[in-house]
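*Asks:* Before I ask anything, here is the structure I am working with.
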Amino acid sequence: MIKNSVLQEKIGWTPHPAQVEIIGSNSREIVICAGRRFGKSAVCGYFVVKTFLEGLLEIRKGKKDSVKIWIVAPSYDLARKVFEYVIRFLRAYDKRFDTYVGDRPFPQLKINESIWIQCRSADEPKSLLGEELDLLVIDEAAQISKTIWFDKLMPTTASKTRQGRTIFISTPVGKNWFYDIYMQNKE
């Protein structure tokens, strides 16, 4: 386990108190329902980096064989908002990660077929099938259809063996499936 204070110093990022509270959560589902300028993308970028680096340590110790993370949004442009923080933080951690960053067929950091961070777009639902993830970040979740969440995305972290986590980030947009998940996790 990587200590938060050590990682934050190494990447040059200091979370504000509300972000510290989010980072301290051990829940498999984290819902961040906040307005603009809260730092949702930054805190999710941090979660991605921490999950990725801890996964790499687990691989080195022989405790697991892959690290798979998706950042999903209604479009690739929106998914890049979190991904830009991921790249910035990983570059600060170790510039060698730059070698693995690419943009084809989608923005990603790919070390090999089983160790990667990928951006995915919810407007391409077929591309959201078949993976089992360590972490799923859904940006602008309220803008994604309920069907895509339940049929395509929810199963990616449902495995009991991998124990994947999901982070939902969005600004509120009416009372849809995101609102329901927000209310369930608020209790």
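The values are calculated or read from the model by the stated rules, or taken from the named source; none is laboratory data. As the structure is a computational prediction, the values presented were derived from the model and not from experiment. All Cβ positions, glycine included, derive from the backbone under ideal geometry; neighbour counts span all protein chains shown. SASA here: full protein model, heavy atoms, side chains in, ligands and nucleic acids out. Shrake-Rupley method; radii C 1.70, N 1.55, O 1.52, S 1.80 Å.
*Asks:* For the range 89-106, which positions are touching a residue at least 24 places away in the same chain (Cβ under 8 Å) and part of a helix (DSSP H, G or I)?
*Replies:* Result: 89, 90, 92, 93.
*Asks:* Moving to a separate point now. Taking the range 1-11 as the region of interest, how many residues are open to solvent by 20 Å² or more (accessible area, probe 1.4 Å) and assigned to a helix (DSSP H, G or I)?
*Replies:* Count: 6.
*Asks:* Now a separate question. Hey, among the residues in the range 142-155 that are crowded, with 18+ Cβ neighbours inside 10 Å and β-branched (Val, Ile, Thr), which one's nearest to residue 47 (Cα to Cα)?
*Replies:* Taking the candidates together, the pick is 144.
Conditions (1) at pLDDT below 95; (2) of a type in the set (S, T, N, Q); (3) in contact with a strand residue (DSSP E or B) (Cβ under 9 Å, 6 or more places away or on another chain), marked per residue:
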{"position": "66", "(1), (2), (3)": "no, yes, yes"}
{"position": "81", "(1), (2), (3)": "no, no, yes"}
{"position": "84", "(1), (2), (3)": "no, no, no"}
{"position": "87", "(1), (2), (3)": "no, no, yes"}
{"position": "105", "(1), (2), (3)": "yes, no, no"}
{"position": "119", "(1), (2), (3)": "no, no, yes"}
{"position": "123", "(1), (2), (3)": "yes, no, no"}
{"position": "131", "(1), (2), (3)": "yes, no, yes"}
{"position": "135", "(1), (2), (3)": "no, no, yes"}
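*Asks:* State the number of residues belonging to the range 156-187 that are over 18 Å from residue 21 (Cβ atoms), surrounded by fewer than 12 Cβ atoms within 10 Å (Cβ to Cβ) and out of contact with any strand residue (DSSP E or B) (no Cβ under 9 Å at 6 or more places or on another chain).
*Replies:* 6
*Asks:* For the range 14-31, does any single residue satisfy the condition of being free of Cβ contacts under 8 Å to residues at least 40 places away in the same chain, open to solvent by less than 60 Å² (accessible area, probe 1.4 Å) and on the phi > 0 side of the Ramachandran plot?
*Replies:* No - not one qualifying residue is present in the range 14-31.
*Asks:* Please go through the range 12-37 and give me each residue that is part of a loop (DSSP other than H, G, I, E, B), more than 19 Å from residue 134 (Cα to Cα) and at pLDDT 95 or above, ordered by number.
*Replies:* If the condition is that a residue be part of a loop (DSSP other than H, G, I, E, B), more than 19 Å from residue 134 (Cα to Cα) and at pLDDT 95 or above, then 12, 13, 14, 15, 16 are the ones that fit.
*Asks:* Additional query: Go through the range 34-72 and report how many residues are farther than 20 Å from residue 6 by Cα, of a type in the set (A, V, I, L, M, F, W, C) and surrounded by fewer than 24 Cβ atoms within 10 Å (Cβ to Cβ).
*Replies:* Looking only at that region, the number is 4.
*Asks:* May I pose another question? When you scan the range 142-162, how many residues do you find that are under 14 Å from the mean Cα position of the chain (by Cα) and part of a loop (DSSP other than H, G, I, E, B)?
*Replies:* 0
*Asks:* Restricting attention to the range 87-97, does a residue exist that is more than 22 Å from residue 43 (Cα to Cα) and open to solvent by less than 20 Å² (accessible area, probe 1.4 Å)?
*Replies:* no
*Asks:* For residue 134, indicate whether it is within 24 Å of residue 10 (Cβ to Cβ) and among the acidic types (Asp, Glu).
*Replies:* Yes.
*Asks:* Then there is this: Could you grab me the full set of residues in the range 107-141 that are part of a strand (DSSP E or B), surrounded by fewer than 16 Cβ atoms within 10 Å (Cβ to Cβ) and either acidic (Asp, Glu) or in contact with a helix residue (DSSP H, G or I) (Cβ under 8 Å, 6 or more places away or on another chain) (or both)?
*Replies:* 110, 111 - these are the residues of the range 107-141 that are part of a strand (DSSP E or B), surrounded by fewer than 16 Cβ atoms within 10 Å (Cβ to Cβ) and either acidic (Asp, Glu) or in contact with a helix residue (DSSP H, G or I) (Cβ under 8 Å, 6 or more places away or on another chain) (or both).
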